[in-house]
Amino acid sequence: MKRREFWLLVTPSVIVMFGFMLVPLYRTLRWSFQKVDYGSPGAEVGLTNYIGALTDPRLGRAVLFTVGLTVVVTAFCLVFGYILATLINQLGRMRPIVLGILLISYVLPHVVGAVAFSWLFDSNFGGIVNFLANQLTGGAFGEPLWFTDPWPNRVIVAANVVWFMLPFAMLMILAGLQGVSAETLEAAEIDGASSLQRHLHVIIPSIRGVLGFVLLIFTMDVIRIFDSLIPLSPQAVGLGNESIMLYIYNVAFREGAVNLGLGSAISVLTIVLILILLYPSIRGIVKEARA
Amino acid sequence: MTIDLTQVGDAAPRGPIAAASALTDSDGPTRPHRSRRRTVAVISALVLTATCLLMIFPFLWAALSAAKPTDVAFANPPVFSFAPTLQPYVDLWQTTNFYLYLANTLTVAVISTLVALVIGLPCAYALSRYGGVASIVLLVLALVFRALPRFAVVLPMYEISKSIGIYDTTYALAAALIAINQPFTIWLLRNFFAEIPRELDEAAMVDGCTRFGVLRKIMIPLMGPGILTAGIFVFLFAFQEYLTAAVLTDVSAKTVPVFIATQIGQNLPLLQQASAATVLLTLPVIGIAFVAQKYLVAGLNSGAVKG
């Protein structure tokens, strides 16, 4: 393809992406060095916002919460997604039905799913989970304070994120399983490898690439967690269950809080973190393109 | 007498075991193997059924709450026998602007899907065929854009849209979503284009077709599944979006996810309307999950293969 043709074809998309992404990004970068309110030009304050962000214990808590949530959710979804994919891979006629059901939580707007989730736990609205758990355990489950106690609240937030992210992990791994060589598996079986050994030494190594990709997407997406917390953690700030995105929202957008400079500084710091995490993938793309 | 009875009682359960061991002897090692396989099948069926139930449970519960009379809808402990009602749906339709929010959501999703495909297709085609540095740079930038924290672009968009007077309009929201989802669109379409052999382009160009002719007459017809997959995803992303819609809209361009999120913390009838809204929003989504399953899976897989 000629250079001129390339530029003609990519121009509309590039204009949209750069116009609507780079221009706002530049604005965020400028704001991060200013004290600024909506609708008025800011005053330069140098690194004050960055110093403010880095010394705010709230940011430390938000990072800890977000990273902890990412690790727990990713580990669970990788393991359980693998088990589910293996089970679904053996299904025959039921497969489309099971896949269809599992896809629902993935395609539903996350905030709507989280609202529906909150009704399961809120004792003001029936609290079906407490009810069923107490029926099963004869009342030993008690009434955990799902929305006001830090750990129970973390549990429902993590459960909700797993709920809508698990189908994605399962589908990716299911796709990866299609590429595992049947011959190698058969050879391992003839050599007397147990089922567990076949998974550990044949299947998992051969879908390493897919698992790495799932890890990458989960890292990018769970770090940006926001939607779920709005209905599930109304008291996130007090409980220490504020995610990085929610922190930015609370200081820079929510009514009465318009510290746009500070919010922008945290955005910039998050971008730096994401770039570091993305570095291996970026190198991979460049290497693949050069080859 | 007592001794006799115990012996009889003991003999009964022993019977089948003896029979089974006799079978094992004659049948060789297949018998325990088969029964183990059956156990595995039962366990896997149980795990899958339980998972499916857990996955749809929040939705079922919302549907059940919407069907109850308002006074017991969210009663604690939950009420399981009640006279089903459609009142929340009627109220939702008559007392709120739900139809407006639904229309907004669909307008935004349709516009952003169409425009994303029209500008994304040529770009993705070029990215799959041009090996220069610019191509790599664009792909890497797109990956970075895909991973950006939303607020880094959405808050400036809020300010810009207010200052030029397009705040709270469906087209401003659609434009923002086109840009935000463009990186995903071009990556997905590029991976589909990459699977079409380049020889096809070359043969057509030898026959006198221009580059644009190749894209329009040869590539686009071949890209049917790819376009459908990308279209479904961009539509879903726009339809799902909460954060961007919450920041860029207020009253007239509000979307259904934002509406449902603002209903929480309200009083009971409003909450019940929110559960009715959840059901109305979920039903078409279930349709998408079942009908478009093939394309959803294909789209996710194409991402997995090429990263």
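The values are calculated or read from the model by the stated rules, or taken from the named source; none is laboratory data. In this text the structure is predicted, and so the values were computed from the model without any measurement. Every residue, glycine among them, receives a Cβ derived from its backbone with ideal geometry; neighbour counts consider all protein chains shown. Keep in mind that these areas ignore ligands, DNA and RNA; they rest on the heavy atoms of the full protein, side chains included. Shrake-Rupley method; radii C 1.70, N 1.55, O 1.52, S 1.80 Å.
Of all the residues that make up the range A:113-131, how many are in contact with an Asp or Glu (Cβ under 9 Å, 6 or more places away or on another chain) and not in a loop (DSSP other than H, G, I, E, B)? If you could, list the steps in order and put the result at the bottom.
Going residue by residue through the range A:113-131, those that are in contact with an Asp or Glu (Cβ under 9 Å, 6 or more places away or on another chain) are A:113-114, A:123, A:127, A:130.
Retained after the next criterion (residues that are not in a loop (DSSP other than H, G, I, E, B)): A:113-114, A:123, A:130.
Result for the range A:113-131: 4.
Name the residues in the range A:263-284 that are more than 18 Å from A:Thr55 (Cα to Cα) and open to solvent by 20 Å² or more (accessible area, probe 1.4 Å), would you? It would help to see each step written out before you state the result.
Here is the first cut: in the range A:263-284, the ones more than 18 Å from A:Thr55 (Cα to Cα) are A:271, A:274-284.
Those that are more than 18 Å from A:Thr55 (Cα to Cα) and open to solvent by 20 Å² or more (accessible area, probe 1.4 Å): A:Ile271, A:Leu275, A:Ile276, A:Leu277, A:Tyr279, A:Pro280, A:Ser281, A:Ile282, A:Arg283, A:Gly284.
Here A:Val73 fits the description: under 30 Å from B:Gly287 (Cβ atoms) and away from every other protein chain (no Cβ under 13 Å). Listed conditions (1) modelled with pLDDT under 90; (2) at negative phi are all met by B:Thr249, apart from (1). Condition first: open to solvent by 60 Å² or more (accessible area, probe 1.4 Å), within 10 Å of another protein chain (Cβ to nearest Cβ), outside any loop (DSSP other than H, G, I, E, B) and not charged (D, E, K, R). Can you find one or more residues in the range A:27-45 that meet it? There is at least one residue in the range A:27-45 that is open to solvent by 60 Å² or more (accessible area, probe 1.4 Å), within 10 Å of another protein chain (Cβ to nearest Cβ), outside any loop (DSSP other than H, G, I, E, B) and not charged (D, E, K, R).
For the range A:239-262, filtering for residues that are farther than 21 Å from A:Thr70 by Cβ and either open to solvent by less than 30 Å² (accessible area, probe 1.4 Å) or in contact (Cβ under 8 Å) with a residue 60 or more places away in the chain (or both) leaves 7. What are the pairs, 6+ residues apart or on separate chains, where a residue within the range B:58-73 that is more than 17 Å from B:Thr282 (Cβ to Cβ) has its Cβ under 9 Å from a residue that is open to solvent by less than 10 Å² (accessible area, probe 1.4 Å) and among the aliphatic types (A, V, I, L, M)? From residues that are more than 17 Å from B:Thr282 (Cβ to Cβ), the pairs are B:Ala73/B:Ala66; B:Ala73/B:Leu271.
Applying the condition of being open to solvent by 50 Å² or more (accessible area, probe 1.4 Å) and either touching a Gly at 6+ places or on another chain (Cβ under 7 Å) or part of a helix (DSSP H, G or I) (or both) to the range A:132-154 and asking which residue is nearest to B:Phe59 (Cα to Cα) yields A:Leu132.
Only one entry of A:Gly100, A:Gly81 meets the criterion of being in a helix (DSSP H, G or I), of a type in the set (Gly, Ala, Ser) and modelled with pLDDT of 90 or more, and that entry is A:Gly81. Starting from residues that are more than 15 Å from A:Ser264 (Cβ to Cβ) and buried (at least 18 other Cβ atoms within 10 Å of the Cβ), keep the ones in the range A:46-66 and report whichever is nearest to the chain's Cα centre (by Cα). By that ranking, first place goes to A:Thr66. For the range B:184-225, a residue qualifies if it is without any contact (Cβ under 8 Å) to a residue 60 or more places away in the chain and open to solvent by less than 10 Å² (accessible area, probe 1.4 Å), and the qualifying residues are B:Gly213, B:Val214.
Among B:Tyr167, B:Tyr171, which is open to solvent by 10 Å² or more (accessible area, probe 1.4 Å), more than 10 Å from chain A (Cβ to nearest Cβ), outside any helix (DSSP H, G or I) and within 26 Å of B:Leu100 (Cα to Cα)? So that I can check it myself, show each step before the final result.
Working: B:Tyr171 fails: outside any helix (DSSP H, G or I).
Result: B:Tyr167 is the single residue among B:Tyr167, B:Tyr171 that is open to solvent by 10 Å² or more (accessible area, probe 1.4 Å), more than 10 Å from chain A (Cβ to nearest Cβ), outside any helix (DSSP H, G or I) and within 26 Å of B:Leu100 (Cα to Cα).
The residue that is surrounded by the most Cβ atoms within 10 Å (Cβ to Cβ), counting only those in the range B:233-263 that are assigned to a loop (DSSP other than H, G, I, E, B) and within 11 Å of chain A (Cβ to nearest Cβ), is B:Thr255.
Here A:Ala140 passes the criteria (1) modelled with pLDDT under 85; (2) within 14 Å of chain B (Cβ to nearest Cβ); (3) farther than 30 Å from B:Ala274 by Cβ except the one numbered (2).
Restricting to the range A:107-132, name every residue that is among the hydrophobic types (A, V, I, L, M, F, W, C), touching a Pro at 6+ places or on another chain (Cβ under 7 Å) and in contact (Cβ under 8 Å) with a residue 40 or more places away in the chain.
Here is the first cut: in the range A:107-132, the residues among the hydrophobic types (A, V, I, L, M, F, W, C) are A:107-108, A:111-112, A:114-117, A:119-121, A:125, A:128-129, A:131-132.
Next, only the ones that are touching a Pro at 6+ places or on another chain (Cβ under 7 Å) stay: A:111-112, A:114-117, A:120, A:128, A:131.
Correct list: A:Val111, A:Ala114, A:Val115, A:Phe117.
Remark: pairs (first residue in the range B:268-280, in the same structural domain as B:Ala63 (by TED's automatic domain parsing) and farther than 12 Å from A:Phe125 by Cβ; second residue of a type in the set (Val, Ile, Thr) and open to solvent by 10 Å² or more (accessible area, probe 1.4 Å); Cβ separation under 8 Å; 6+ apart in sequence or on different chains) are absent. Taking A:Leu239 as meeting all but one of (1) at pLDDT 90 or above; (2) away from chain B (no Cβ under 11 Å); (3) touching a Pro at 6+ places or on another chain (Cβ under 6 Å), write down the number of the exception. Only one criterion is unmet by A:Leu239, namely (1). Checking the range A:216-238 against the condition returns a match, with at least one residue being more than 19 Å from A:Met165 (Cα to Cα), of a type in the set (A, V, I, L, M, F, W, C) and surrounded by 13 or more Cβ atoms within 10 Å (Cβ to Cβ). Counting only residues that are under 16 Å from A:Phe20 (Cα atoms) and either more than 7 Å from every other protein chain (Cβ to nearest Cβ) or in contact with a helix residue (DSSP H, G or I) (Cβ under 7 Å, 6 or more places away or on another chain) (or both), the range B:118-159 holds 21 of them. Scanning the range B:264-284 for residues that are within 8 Å of another protein chain (Cβ to nearest Cβ), surrounded by fewer than 21 Cβ atoms within 10 Å (Cβ to Cβ) and in contact with a helix residue (DSSP H, G or I) (Cβ under 6 Å, 6 or more places away or on another chain) returns a single hit, B:Ile264.
Residue by residue through the range A:69-81, note down the ones that are in contact (Cβ under 8 Å) with a residue 24 or more places away in the chain and open to solvent by 30 Å² or more (accessible area, probe 1.4 Å).
So in the range A:69-81, the residues in contact (Cβ under 8 Å) with a residue 24 or more places away in the chain come out as A:69-70, A:72-74, A:76-78, A:80-81.
A:Val72, A:Phe76, A:Leu78, A:Phe80, listed by residue number.
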